[in-house]
1. If we restrict to alpha carbons, what Rg and Dmax does the protein assembly as shown come to, in Å?
2. Run the quick spin-label model on residue B:60 and residue A:86: label points 7 Å from Cα toward the beta carbon, then report their separation in nm to one decimal.
3. Sort out for me the Cα centre separation of the range B:22-60 from the range A:52-115, rounded to whole Å.
4. Measuring from label point to label point, each 7 Å out along Cα→Cβ, what is the residue A:17 to residue A:73 span in nm?
5. More than 14 Å apart: what percent of Cα pairs in the range A:58-115 qualify?
6. Enter the mean number of other protein chain beta carbons within 10 Å of the beta carbon of each residue in B:38-44, as an integer.
7. Between residue A:113 and residue A:50, what FRET efficiency follows from the Cβ-Cβ distance if R0 is 35 Å, with the result rounded to 0.05?
8. More than 24 Å apart: what percent of Cα pairs in chain B qualify?
């Protein structure tokens, strides 16, 4: 089974802090994604990566950056946390299928609270 | 803006009934369609995937795709209280777009 591991289940940070959310997958997947999920807004894509050192902006990249130095690890960085970044953060990975149709495998999520 | 629309619910069905969940999407070139189940406080888990027009069955679950109508549905037969969750429709090609989900409540 694919395993996607997020380093923290719950995090509480103060406004202005730099926050790192880590994600590791163990199935040699090329693609990795960071989503946030908020009530009524669903899952929204923040950033994704198709390969090591490659990154692309998703739908809501403002206030975030990412790092992918190794294939198995994809980090989400909040440069200066703000209260509107309080959310559930979900990491996901997938293979590159012939039709790009491999499903996403999600980590357990990190519930971040910024006070 | 690519959109995926779902009725937020809740959809309430009695135990043993068929639950029908629906999803429409705006991007005609979409090739991949997925249904995820999400329990409260948990991450989404894949239930079904479908890529071609028609029906695809897996146990109590049937996914239906109609690309001409830009419509995908999920039928759950013999619904169980453990099926109570939010069901997310996801559409796209590698970079998926998710609907906001339909909450299903199955009463004993």
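Read-outs: derived from the displayed coordinates by stated rules, not from any lab. Computed from a predicted model, the values in this text were never measured in an experiment. Note that we place each Cβ from the backbone using ideal geometry, even for glycine, and neighbour counts take in every protein chain shown.
1. My reading of the Cα-based Rg and Dmax gives 17.6, 51 Å.
2. For the pair residue B:60/residue A:86, the computed spacing is 3.7 nm.
3. 21
4. 2.1
5. Working: 1087 of 1653 pairs.
Summing the P(r) tail past 14 Å for the range A:58-115 gives 66 percent.
6. Details: counts 5, 0, 0, 4, 3, 13, 10.
That works out to 5 on average.
7. Numbers: r = 31 Å, r/R0 = 0.89.
Efficiency at R0 = 35 Å is approximately 0.65.
8. On the way: 989 of 5778 pairs.
The share of Cα pairs beyond 24 Å in chain B comes to 17 percent.
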